[in-house]
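The values are calculated or read from the model by the stated rules, or taken from the named source; none is laboratory data. Given the structure is predicted, the values throughout are model-derived calculations rather than measurements. All Cβ positions, even for glycine, are placed from backbone atoms using ideal geometry, and neighbour counts span all protein chains on display. Surface accessibility is based on the protein's heavy atoms, side chains included, excluding ligands, DNA and RNA. Shrake-Rupley method; radii C 1.70, N 1.55, O 1.52, S 1.80 Å.
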Amino acid sequence: MFNRRHLIAFGLAGLLAACGTPDPNPLSRAARGEMQLADIVVTAEGAGFESGAARDYTSRIAPDLDAALSREFADRLGRGGKWKMMVEVSRLNLAGGTSTALGRDQSRLSGAVRVVDPAGTLRASYTIQVLAGEAAESRTGTLVGAVANSAGGYYRELIAGFARDARVQVLGADLPGQRLARRISN
């Protein structure tokens, strides 16, 4: 039977375990806190474009992803920064609304983000994969999903998701409202 003392002991044990958990980010908190980026470079050369719809975006993905990352890291870009972010797209699949609604396919964007310090040394590397679209759970949902969703919509969702995930992995998660405040101030 548990009493208040047991609950307090379990709570303290959980708190101590959380404090002792190492940070999985290869960059220290200090480096993340003071990091200013000089440039973001996105390449899609050699990427696998796995569907006909994805091949339609071969020339657009690098500039679109660069723009999304520049918006996401606007508070860290320029301002005398010396670090570089190198992004390499490795895979893009864009599923149509019907194949997604039926559960046959799902849109996916994969790539690597590398952070290079002013001396040109690789300081951190992250693998990012974002998914868009889910199978419908009913016949009505399948019909609505097939009509309402498109490869272009999934593409925009993947680009935005990749940029958000890159920020979270490189700098850590935002506090509630911090992302909105950053977007308003920029």
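I'd like the residue in region 41-55 that is in a helix (DSSP H, G or I) and of a type in the set (A, V, I, L, M, F, W, C) and, out of all such residues, is surrounded by the fewest Cβ atoms within 10 Å (Cβ to Cβ).
Filtering first and then ranking leaves 53.
Pull out all pairs, ordered by first then second residue, where Cβ-Cβ is under 7 Å, the residues are six or more apart or on different chains, the first lies in region 34-54 and is farther than 28 Å from residue 81 by Cβ, and the second is among the hydrophobic types (A, V, I, L, M, F, W, C) and open to solvent by less than 50 Å² (accessible area, probe 1.4 Å).
Once the first residue is farther than 28 Å from residue 81 by Cβ and sits in region 34-54, its partners that are among the hydrophobic types (A, V, I, L, M, F, W, C) and open to solvent by less than 50 Å² (accessible area, probe 1.4 Å) give 49/92; 50/92; 51/94; 51/95; 53/94; 53/151; 54/92; 54/94.
With a cut-off of at least 2 residues that are surrounded by 20 or more Cβ atoms within 10 Å (Cβ to Cβ) and at pLDDT below 90, name the helices (runs of 4 or more DSSP H) lying wholly within region 96-186.
97-101, 151-171
Report, by residue number, each residue of region 56-71 that is hydroxyl-bearing (Ser, Thr, Tyr), open to solvent by less than 40 Å² (accessible area, probe 1.4 Å) and free of Cβ contacts under 8 Å to residues at least 40 places away in the same chain.
Matches in region 56-71: 70 only.
Can we say residue 90 is surrounded by fewer than 17 Cβ atoms within 10 Å (Cβ to Cβ) and among the polar types (S, T, N, Q)?
Yes: the conditions hold for residue 90.
So, residue 73, is that one in contact with a helix residue (DSSP H, G or I) (Cβ under 6 Å, 6 or more places away or on another chain) and among the aromatic types (Phe, Trp, Tyr) or not?
no
Determine, yes or no, whether residue 69 is within 17 Å of residue 158 (Cβ to Cβ) and either assigned to a loop (DSSP other than H, G, I, E, B) or at pLDDT below 95 (or both).
no
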